[in-house]
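Read-outs throughout are calculated quantities, based only on the coordinates presented, and are distinct from any laboratory measurement. These figures come from a predicted structure and were not determined experimentally. Virtual Cβ from ideal backbone geometry, glycine too; neighbours counted across all protein chains shown.
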Amino acid sequence: MSDVYILGVDMIKFGRFPEKSVAELGAEAAQMALADAGVSIQDIEGLWCGNLMQASNMVGQQVLQQIGQTGIPVVNCANACATGATAFRDAWLSVKAGIYDLVLAVGVEQMGKGLLGGVGGRKGIPKEGLLGSATMPAVFAEAGMEHARKYGTTFEQFAKVSVKNHHHSTLNPKAMYQIETPLETVMNAEMISYPNTKLMCSVNVDGAAAAVIASEKKAKELGMGRAVRVKASVMTSDPFTERDLVMPDVNTCTRMAAKNAFEMAGVGPEDIDLVELHDCFATAEILHYENLGLCGDGEAGRLIDDGDVALGGKTPVNVSGGLLSKGHPLGATGIANIYEVSTHLRGEADKRQVEGAKLGMTHVIGLGSACAIHILEKV
């Protein structure tokens, strides 16, 4: 099978847009990606749309109503925080299989303010209490504290992740927040679920991102000057393991996906020039340094202390500002990560450019579980 390429990719500035519909946000990103690729909706053979909160409303078809109903097949998908990456991967698969030459993947979400992952419509009182470990802050607080128990990771090291990502966001005009948050400010912010303070939690925002995906034949026909090769696309779910079910396992499916992605791409973690990973909480980013093979188990604290994962370091992580500062619109995040890495591989990231970037990785994980990893390569 021949290679598959990203010919166009873009995202809107993340924020809050109560005056716009989900379809309007998705259509805006779709038009931006089409323009970036130099094609129109009439050239597209299929559309995959990722959206979580309004998944039953056929958002992909609504997007087409905004930009042109051409009769193409539309697939709507929802897969927790991996929703956008799932849409991208399924679109990629359709081209990799030789069914289509040019397709569009869109991820879009409108988020309310407040807490995700509460008890919702569950009947009765869960054994962990009315909130307990069913909430996302508690889940990732528990995971962080387990890492601290095993390896001595400190509150300050977790907080440094937020300092780093907020600094990166000041260089990204498409991030929701573009502010510095000094270490003391992060550590003294309102405590949500120890060790994650409010500034160590991802931001609920509205957002949309889209990508135009092409076969090698079509890419050569349209021009390869800014094309990005998809070296690997992998998705996993959790295998059965004997563990304490009160504390969800936030590591296993990422480790499986990373192993499979490196094998598919024929590279190792030492070859990766930048990473956009799922920093839904500061504790999660620390864990994923190890899950993605950026360092050995127990070494993540050293990575953040030494600046290896900051812009200018050995393997910069979340140069976009990450979910902590750029924002986390669930259905859009996976494709927004792909936009960020592609922008660096094209040499178009301006002040936040990772110099000499040739190979990048994106990672998202939705508890439940779904993990998607993509490895992208400069052409």
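Remark: the LYS314-SER21 segment gains 101.4 nm on full extension, using 0.36 nm per residue and subtracting the alpha carbon distance. Size check on region 34-100: the Cα extents along the three principal axes, sorted descending, read 31, 28, 22 Å. Return the whole-Å distance between the Cα centroid of region 339-360 and the Cα centroid of region 1-40. The two parts, judged by their Cα centres, are 18 Å apart.
Setting aside same-chain residues fewer than 8 positions from LYS174, which lysines have a Cα under 16 Å from its Cα? Correct list for LYS174: LYS13, LYS326, LYS351. State the percent of C-alpha pairs, over all pairs in the chain, separated by a distance greater than 30 angstrom. Result for the distance tail: 33 percent.
Legend note: in the chain, cysteines whose Cβ sits 4.7 Å or more from every other cysteine Cβ are CYS49, CYS77, CYS81, CYS201, CYS280, CYS295. Working from label points 7 Å from Cα in the Cα-to-Cβ sense, the LEU183 to GLN65 distance is 5.3 nm. The convex hull defined by the C-alpha atoms of region 200-247 has an orientation-averaged projected area of 7.5 nm². Extending 7 Å from Cα along the Cβ direction at GLU263 and again at ALA80 yields two label points whose distance is 2.3 nm. Helix 282-291 axis versus longest C-alpha principal axis of the chain: approximately 70°, rounded to the nearest ten. Relative to the longest principal axis of the Cα atoms of the chain, the long axis of helix 136-151 makes an angle of roughly 60 degrees.
All alpha carbon pair distances within region 278-323 were sorted into 10 Å bins beginning at 0; the resulting P(r) in whole percents reads 29, 65, 7.
Residue separation of LEU93 and GLU242 scaled by 0.36 nm, minus their Cα-Cα distance, works out to 50.3 nm of gained length.
Each of LYS113 and GLU45 was given a label point 7 Å from its Cα along the Cα-to-Cβ line. The distance between the two points is 4.7 nm. Anything over 22 Å Cα to Cα? Flag those among LYS96/LYS218; LYS20/LYS164; LYS220/LYS358; LYS113/LYS164, in the order listed. Listed pairs above 22 Å: LYS20/LYS164; LYS113/LYS164.
Eigen-decomposition of the gyration tensor built on the alpha-carbon atoms of region 183-340 gives equivalent ellipsoid semi-axes of 29, 20, 17 angstrom, largest listed first.
In the chain, once you exclude exposed GluC sites (Glu not before Pro) (DSSP loop, at most 12 other Cβ within 10 angstrom), what's the longest stretch remaining? The partial results should precede the final answer.
Details: sites that count: GLU19, GLU180, GLU190, GLU242, GLU348, GLU355.
Maximal segment without exposed cleavage sites: 20-179.
Placing a label point 7 Å from the Cα of ALA55 along the Cα-to-Cβ direction, the residues of region 330-352 whose backbone N falls under 12 Å from that point are 331. Using a/c under 1.5 as the rounded threshold, could you call region 258-379 rounded, prolate or oblate? The axes a ≥ b ≥ c are square roots of the C-alpha gyration tensor eigenvalues, and prolate needs a/b larger than b/c, oblate otherwise. Rounded. One chain, two ends: MET224 and GLU299. Fully extended at 0.36 nm per residue, the span grows by 23.1 nm beyond their Cα-Cα distance.
Note the angle between two axes, namely the Cα long axis of helix 333-345 and the longest principal axis of the Cα atoms of the chain, as a number of degrees from 0 to 90, rounded to the nearest 10. Computed tilt is about 70 degrees. Hey, for a label at LYS358 modelled as a point 7 Å past Cα toward Cβ, could you say which residues of region 247-271 have their backbone N under 14 Å away? Answer for region 247-271: 267-268, 270-271.
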